[in-house]
Structure formats: structure tokens, C-alpha cells
Amino acid sequence: MIFVTVGTQGQFNRLIRTVDEWAGLRGRTDVFAQTGLSDYRSKHIRAKPFIDPTEFRKLVESASVVIAHAGMGSIITALELGKRIIVMPRRRGLGEHRNDHQVATAKRFAEQGRILVALNEHALFETLDQLNVSHETKRISAQAPPRLVSTIRSFVETGRIQLDSEVQKVGVKPK
């Protein structure tokens, strides 16, 4: 099953329409989308505007691929569960968001090799056509590493970040 999610903030008709058209042309009947405030009515995929967090997690767990906007919750949930995720960021210039932070988020995760990014409809079609849907990615932990927790705790308690000797060796200096 392919799970598509656009989050809960505003419509993202471009993503839903593109996946719906792709599914129709490819004869895919295994696509389910959480469409949010979309006014686009899908013809080839099953859809529901909103789902609760428990259902969302179950859908991601059962999906072979997740297709999403570049929302941190969607990306992190997919990575925690070891699911391949294709991200199409909302774009300010198309009236899909108030700024282009989703483009920056998508590019940063892509640089790390953790996600696939489609910046436009054509790229999403190509990515979907080339995707091996049985591929899973390495899971990330849902827990923060002890070193990060210790650093944050120290900062909260002292107002300063205390760098360990490994960080100091590479020349990172606190401001």
C-alpha cells in the first residue's frame, strides 16, 4: 500500500492530484491519501480528509512507501518506522504555504540521503515510476541520544552549552 499524507495545515491539491493521476495511469489501486483541506476530489485513489494520530501511525506502518509534504511529523514518523518516503514540499510561490521552509527541509534531509524529493509534478511521476516499493530504509530512533539529552539538560540548568572533548577537538567553539 502507498500512503499519501498532506498534514493538516491548508490544502495541497497539487500533491493529491499528481498521485491520483499517476495511480490512474498506472492502474494502481493500492493508494490511500489523507487529503487535509483539499478540495480536489480523487478519481483513482481512496482518500479521507483527516485521520487521528493512531490511525496515521498504523497507515505508515503498513505502507510500502509514504508520499508526503515536507512536514517534520510525516518525515520523522516514516523514518522511525523504516519506511521509504518521497517528499514533495509545499511552495510559497504556488500559494501552498507562507514561506519556503518545506523546500529547505526537504533539501536538507535529501542531502543526508534519508528521503527522496520531488520538487514538482513531473519529478514525482518519475520518482514513483522508478521506485522499488519493497525497499525499506534504516529506522531512526524515536529517542534522543543520551549525549543530546545531557547537553540540553546542561544548557537548561546553566544557560551554557558544555561541549565534550570530541567536539572541542574539531574546533567548534561556543558563541
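Just a few scattered comments:
- Relative packing of 45-58, 63-76, which averages over residues the other C-beta atoms within 10 Å, highest first: 63-76, 45-58
- Separation in nanometres of the label points that stand 7 Å from Cα toward Cβ, at SER62 and LEU25: 2.8 nm
- Separation of the LEU37 and GLN130 label points, Cα + 7 Å toward Cβ, nm: 3.4 nm
Bear in mind these aren't lab numbers, they're just calculated from the coordinates by the rules spelled out. Everything quoted here is computed from the prediction, not taken from an experiment. Note: ideal-geometry Cβ built from the backbone for every residue, glycine included; neighbour counts use all protein chains shown.
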